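The values are calculated or read from the model by the stated rules, or taken from the named source; none is laboratory data. As the structure is a prediction and not an experimental result, all values here were calculated from the model. Positions of Cβ are backbone-derived with ideal geometry, glycine not excepted, and every protein chain shown enters the neighbour counts. All accessible areas refer to the heavy atoms of the entire protein, side chains included, with ligands and DNA or RNA removed. Shrake-Rupley method; radii C 1.70, N 1.55, O 1.52, S 1.80 Å.
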Amino acid sequence: MKLRAYQNELVEQVRQAWRAGYKAPCIVLPCGGGKSCIVAEMARRTTFNGKRVLFLVHRRELVEQIKKTFIRWGVDMKLCEVGMVQTITRRLKKLARPALIITDENHHSLAQSYKRIYEYFSDVPRVGVTATPVRLNGDGLGDVNDKLIVGVSAKWLIDNNCLAPYDYYAPDVADLTGLHVSHGEYMAAEIEKAMVKNTVFGDVIKYYKQLANGKKAVCYCASVRHSQRTADVFNENGIKAAHIDGSTPKAERDRIISAFRRGDITVLCNVDLISEGFDVPDCECAILLRPTKSLTLYIQQAMRCMRYRPDKRAVIIDHVGNYARFGMPDDDRQWSLEKKPKAQHKKQEQSDKVKQCPECFYTFSAPPAGVKICCPHCGYEFPTAERKLETDSSVGLVKVEGFKLDFSSPADCHTYPELLQYAKSHGYKSGWAYYQARQRGLIG
Ligand SMILES: [Zn+2]
């Protein structure tokens, strides 16, 4: 097995960082970028040279998964210890000294148990991997890492067919005002109540049928009861669904997951399987029903459905407005090791960057300022806000001029090529033009 070019590049950058005197770099790569292959390759090279590796995971369920990957990748498991952090902390004195410590899901590593391991082996080089190098409270990882090595972006992975492009809808956002936060997260019981009160259940079915009918979907719920109820409602509406959670007996869980893989179950409802370390099966649709304060959780849940079929569009249905807190899942983000990287400033930016169509709930990154905004899905034209014309800005003028040459709204386009040109000049995917043309009967 071989790494892709950008993955090799990351391994090389880690080596250079060590050589330059950094002790604990952290690789940042989006979900679907192949983090496990990269760490497997680093473990393989280390054990190939007869040196020991210590690999830290945060959930017991991950140990077997990782071991399987490592064996497939050719890691010499006699020299590689894969262990849950808590277990390793207790066994420190019995452990042979590693030449490399790898930390999976590096954003968890603030916990005391991680720090004890790092301090015990304080002169051993480390490397971490994560898609989101931030703590729940938004702090960077500067207390455990000394360098961030940022790989390709989610957009790059989509453009290079490693991840599926996606359509994002946010219909009927439940009213979340008045929800309390505990340990940095909304309280599940309150979300559950809000969900029932807002009668979101009926909408979940309606919009699934409208936007993703028949697609394998994973539903992320607020609580076990909420998840069970959601599965029931799907079943009552003739869509085969099942619920699983951390306490579902293993045999039952395996049965449900293989039924989902086969397609005998279409919708899988769960609370937090991803962060509990289970291998959530691939799907083409994510239904977000749990408002979260965690960027990590949001990205994990939203992007999972982009990994299954890079050749097909994935659908994300966000009923709880997570996009409004975090922006689009594949937004380019500025990561930092600092404690709180300009959180306030960022929040303001997010709400400006994302637009939602009032007609069809399609949710998308706003085009650059000055460009007329139309829904890429249904063509709805957003009313132009009263804007101060920056007459003294030549850049602004150029933009407007360039725009005049173009069609000023999709309604001005009367042929498929015109729509394609419109799409191109507005930064829309050509799929948008195709959809428009189909809807208007311009193409067969
Ligand atoms: Zn629309």
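Pairs linking a residue in region 92-104 that is more than 17 Å from Arg44 (Cβ to Cβ) to a residue that is surrounded by 21 or more Cβ atoms within 10 Å (Cβ to Cβ) and among the aromatic types (Phe, Trp, Tyr), with Cβ atoms under 9 Å and 6 or more positions apart or on different chains, are Thr103/Phe55; Thr103/Tyr114. Filter region 100-115 down to residues that are closer than 19 Å to Met77 by Cα and in contact with a helix residue (DSSP H, G or I) (Cβ under 6 Å, 6 or more places away or on another chain) and give me whichever is surrounded by the most Cβ atoms within 10 Å (Cβ to Cβ). Per the criteria, the residue is Ile102.
Per-residue answers, yes or no, for (1) open to solvent by less than 20 Å² (accessible area, probe 1.4 Å); (2) of a type in the set (A, V, I, L, M):
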{"residue": "Arg19", "(1), (2)": "no, no"}
{"residue": "Cys31", "(1), (2)": "yes, no"}
{"residue": "Ser36", "(1), (2)": "no, no"}
{"residue": "Arg45", "(1), (2)": "no, no"}
{"residue": "Val53", "(1), (2)": "yes, yes"}
{"residue": "Arg59", "(1), (2)": "no, no"}
{"residue": "Glu64", "(1), (2)": "no, no"}
{"residue": "Phe70", "(1), (2)": "yes, no"}
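Tallying residues that are of a type in the set (Gly, Ala, Ser), at pLDDT 95 or above and within 25 Å of the chain's Cα centre (by Cα) within region 84-120 yields 0. The residue of region 1-17 that is least open to solvent (accessible area, probe 1.4 Å), among those that are hydrophobic (A, V, I, L, M, F, W, C) and more than 25 Å from the chain's Cα centre (by Cα), is Ala17. One residue stands out among those in region 235-252 that are crowded, with 18+ Cβ neighbours inside 10 Å and not hydrophobic (A, V, I, L, M, F, W, C): the one that is farthest from the chain's Cα centre (by Cα), which is Thr248. Remark: pairs (first residue in region 116-129, open to solvent by 70 Å² or more (accessible area, probe 1.4 Å); second residue of a type in the set (Ser, Thr, Tyr); Cβ separation under 9 Å; 6+ apart in sequence or on different chains) = Arg116/Thr89; Tyr120/Thr89. May I ask you to verify whether Asp146 is more than 16 Å from the chain's Cα centre (by Cα), outside the structural domain of Asn213 (by TED's automatic domain parsing) and either surrounded by 16 or more Cβ atoms within 10 Å (Cβ to Cβ) or in contact (Cβ under 8 Å) with a residue 24 or more places away in the chain (or both)? Yes; evaluated as a whole, the condition is true for this residue.
Among (1) farther than 20 Å from Asp146 by Cα; (2) open to solvent by 40 Å² or more (accessible area, probe 1.4 Å); (3) in a helix (DSSP H, G or I), where does Ala96 come up short? Unmet for Ala96, out of (1) farther than 20 Å from Asp146 by Cα; (2) open to solvent by 40 Å² or more (accessible area, probe 1.4 Å); (3) in a helix (DSSP H, G or I): (3). No other residue among Ser336, Ser394 is hydroxyl-bearing (Ser, Thr, Tyr), over 19 Å from Cys285 (Cα atoms) and modelled with pLDDT under 85 apart from Ser394. Of the strands (runs of 3 or more DSSP E) lying entirely inside region 204-307, those carrying at least 3 residues that are in contact with a Ser or Thr (Cβ under 9 Å, 6 or more places away or on another chain) and touching a residue at least 40 places away in the same chain (Cβ under 8 Å) are 217-220, 267-270.
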